[in-house]
Amino acid sequence: MTGPVVHTYRAAESGLLVNSYLVEGEQGVVVVDTNLLVSDIAALRARLQALHKPLRAILVTHPHPDHFNGVLALVRDREVPVYATADVGRVITEIAAAKRAQWSPVYGREWPAETFYPNSLLAGGTRVAVDELSFTVHDVGPAESHADSYVVMAADGGAPVAFTGDLAFHGMHPYTADGHSGRWLAALDVLAGDLADVRTLYPGHGDPAEPGLLAEQRRYLLFYRELVRRLSGGEPRLAQAAKGELGAAMQAFLPDVPLTWMIELGADAVAAELADEGVTQDALHVARPFRAAGQRAGPGHHDVRDGLGLGCVGERERQAVRAVRRRGRHLDRHRQQVHRRLRRVHSRRPARGRPGPLRPGLPARLPGRLRLHPRRHVRPP
């Protein structure tokens, strides 16, 4: 071998199309994430055995069952270190039993009956050497899950690659139901710089990609948050009809890709997150770090002058944006009609035998023409 070989096992859609990676070195194999369902875990174990090299280590990127459920089947009867950051290990310990109680009735025997917890917890930035391979584990904190991390692998003389877990989905709708989309966006801003020199990203869902995948995930989250903010009206939950609108708009934004049911699954969690944040200028807040003073926004950046501030460049994205704008304009027109009627009432002179203004102290005419905005009244300059 001239260098490590990365083999991929991908589950079917029933297993969330999750990837497990088998990194084959000169002396053994390192597995990154371990799949969800018993049948897929058995297939992953068969792929490992077919390499005819010993399992040297397992790395778990974050505490979602589709990434840690298969650890026990792989390490059974072996002394193998299972690495994770301290936060990832802690959250797995906290949620594994609850996830089993929640999903075992749905999946039946396909859900593993036991969980093997990481036995080698690491601080962020720790480097682990396995034969000629070097893995550096980076702690991210809450993002797509309650505790995320990514792993950069380097081999002697080779270019580094990164295993990014679920920090970026490639070619499918992401999971947002843990409700950390704001912190996820902040993490993507940091990763765009930290991984700028890495040629290949191996995501938890989807095909390997270049670092531009992080910008695509960021754009998706911006659009998703803006839709949820508008449809929720500041409430911590979306009505079922609003969830339908959200699903249709996001499928127009990212058409013909799997896991569409995840769009509505995360809607209430993100609505509650936005209600807690009191977000009113979401696009402006997250666009600023991408441009220095005087720098024009390029194809990978997002200019707040794009209407919604989402940097949409494709026709499908423009159609989705126009649908949201139409909903806002309909509300504006209704409010303007009410405003014009009130102006007519208050501007009339009281006739004999008729009451005066609706409320004492109101002027006969309102002070100038007001232009209504969905969130505030502003006087035009």
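Give, in whole angstrom and from largest to smallest, the semi-axes √(5λ) of the equivalent ellipsoid of segment 134-216, with λ running over the eigenvalues of the Cα gyration tensor.
21, 13, 11
If each residue's Cβ is checked for other Cβ atoms within 10 Å, how do SER149, SER232, SER14 rank with the fewest at the top?
Going from least to most buried by this count: SER14, SER232, SER149.
What list do you get for TRP261, TRP184 if you sort them by fewest beta carbons within 10 Å?
Listing TRP261, TRP184 from fewest to most nearby Cβ atoms yields TRP261, TRP184.
Charges at C-beta only: +1 for Lys and Arg, -1 for Asp and Glu. How large is the resulting dipole of segment 20-111 about its Cα centre, in Debye rounded to 20?
Computed about the Cα centre, the dipole is about 220 debye.
With each label point set 7 Å from Cα along the Cα-Cβ vector, what nm distance links GLU94 and ARG47?
About 3.1 nm separates the two model spin labels.
Cα gyration tensor of segment 1-166, axes a ≥ b ≥ c as square roots of the eigenvalues: rounded (a/c below 1.5), prolate (a/b > b/c) or oblate?
Oblate is the answer for segment 1-166, as a/c is 1.5 or above yet b/c matches or exceeds a/b.
Values in this text are rule-based calculations from the coordinates and carry no lab data. Treat the numbers as computed from the prediction; the structure is a model and nothing was measured. Cβ coordinates were reconstructed from backbone atoms using ideal geometry, including for glycine residues, and neighbour counts include every protein chain displayed.
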